[in-house]
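Quick notes on the structure that follows.
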Amino acid sequence: MPNSHLQEQLGLLHQLQQLELAILSLHQQRQSIPLKIAKLEEGFQVHQGALDEKKETLAVAERELRSKNAELADHQEQRQKYETQLREVKTNKEYQALDTEISYLQKKESEAEDAILGIMLDIDQIQEELRQEQASFDAEKEKVGLQKATYEQEERDLEAAVAAQQQERKRFSPDIDKDLMTGYQAWGRRSKTAFVSIVKNNACGGCRIAIPPQTLKEARKFEKVVQCSSCKRILYPLPEDEKETNQASE
Ligand SMILES: [Zn+2]
């Protein structure tokens, strides 16, 4: 008959180990979330950038429109002055000179009007693009907001799961012998891998090295702690019925 105390102890230690690996995994998942959120926000910056750029394009076109309108008004004002003068000229030469100036200004006014029309059409086009950009920005903002809320919920759920597992660990840790616990903790400080190695198909579950029959026999007696000669993990042969299940599942 195997020594049931050590067998039970190794069982508890193995359970503790599984629990801690689960806590570690949950903890790592929890820690990956801020990075996911940061990436999400970084991706959103592209949409913000595109919207800002479109707004700036519109602002530039509007400034250009104001400038062309001012130019047109200047030409018109100047032309009206010349036209007033034209009514008071005395000589044909003066008349000719003013008439040339007026024609020149009319040509410039016409050019400015064409430019204004072109800019107004551009502005219409930019405003339409801006509306689309804004709609896409709003939709993306909502999507990102929802995704962020999902991540934050996930974060809280993981925190709760870690707390629950830690509570569970606290609950049965005191049942483990002090010496075993010390060895377990020392191993944990050196290595992030499992300390208790389940024996599978007569091999160490930790390093896969075949266990010599004599060592396996010793381990199954549970009279003392038996380590794998290769990796130094504690060998834990499962009870016979569990062992069969274990092998069947492989
Ligand atoms: Zn081993």
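What follows draws every value from the coordinates through simple rules; no lab data is involved. Nothing here was measured: the structure is a model prediction, and the numbers come from that model. Every residue, glycine as well, gets a Cβ built from its backbone with ideal geometry; the counts of neighbours run over all protein chains shown.
Largest first and to the nearest Å, give the Cα extent of segment 67-107 along each principal axis.
The principal-axis extents, from largest down, are 37, 16, 8 Å.
Starting at the first residue of segment 227-233, write each ³J(HN,Hα) from the Karplus equation 6.51 cos²θ - 1.76 cosθ + 1.60 with θ = phi - 60°, in whole Hz, x for Gly and Pro.
The phi angles translate into 9, 5, 5, 8, 9, 6, 6 Hz.
Of K36/K143; K54/K141; K170/K200; K36/K141, which ones are farther than 19 Å apart at the Cα?
Numbers: K36/K143 14 Å; K54/K141 17 Å; K170/K200 29 Å; K36/K141 16 Å.
Pairs exceeding the cut-off: K170/K200.
Could you give the size of the charge dipole of segment 30-172 about its Cα centre, using +1 on the Cβ of each K and R and -1 on the Cβ of each D and E, expressed in debye and rounded to the nearest 20?
On the way: 23 positive and 33 negative charges, 152 e Å.
I would put it at about 740 debye.
When only C-alpha pairs under 8 Å and at least 6 residues apart count, what is the relative contact order of the chain, in percent?
Relative contact order of the chain: 30 percent.
Sort 17-27, 161-171, 226-236 by the packing proxy (mean of other Cβ within 10 Å over each peptide's residues), most packed first. Intermediate results must be reported in sequence, preceding the final value.
On the way: 17-27: 15.9, 161-171: 13.5, 226-236: 18.7.
Taking the mean over residues of other Cβ atoms within 10 Å, the ranking is 226-236, 17-27, 161-171.
Collect residues whose amide H, placed 1.01 Å from N in the peptide plane, falls under 5 Å from the amide H of F222; neighbours closer than 5 in sequence don't count.
Result for F222 returns N3.
Which ³J(HN,Hα) values in Hz, rounded to whole numbers, follow from the phi angles of segment 144-151 under the Karplus curve 6.51 cos²θ - 1.76 cosθ + 1.60, where θ = phi - 60° and Gly and Pro get x?
Each residue of segment 144-151 in turn: 5, x, 5, 4, 5, 4, 4, 4 Hz.
Given only helices, namely DSSP H runs of n ≥ 4 each adding -39500 (n - 2.57), what is the per-residue ellipticity at 222 nm of the chain, to the nearest 500 deg cm²/dmol?
Working: 5 runs with 195 residues, N = 250.
Using -39500 (n - 2.57) per qualifying helix, the result is -29000 deg cm²/dmol.
Please name which of V196, V225, I119 has its Cα lying farthest along the dipole of the chain towards the positive end, using unit charges on Cβ (Lys, Arg +1; Asp, Glu -1) and the Cα centre as origin.
V225
Under 5 Å between amide H atoms, partner at least 5 residues away or on a different chain: which partners does L235 have, H built in plane at 1.01 Å?
S197, V226, Q227, C228
Would you mind checking which residues have amide H under 5 Å from N202's amide H? H placed 1.01 Å from N; only 5 or more apart, or other chain.
For N202, no residues qualify.
Could you go through segment 117-123 in sequence order and give the Karplus-derived ³J(HN,Hα) for each residue, using 6.51 cos²θ - 1.76 cosθ + 1.60 with θ = phi - 60°, rounded to whole Hz, and x for Gly and Pro?
4, x, 5, 5, 5, 4, 4
With the calculation restricted to Cα positions, what are the radius of gyration and Dmax of the chain in angstrom?
Calculated on Cα positions, Rg and Dmax stand at 41.8, 137 Å.
Which value, to two decimals, describes the C-alpha radius of gyration of segment 30-172 once divided by 2.2 N^0.38 Å? Mind dumping the intermediate values first?
On the way: Rg = 32.0 Å, N = 143, 2.2 N^0.38 = 14.5 Å.
For segment 30-172, the normalised Cα radius of gyration comes out at 2.21.
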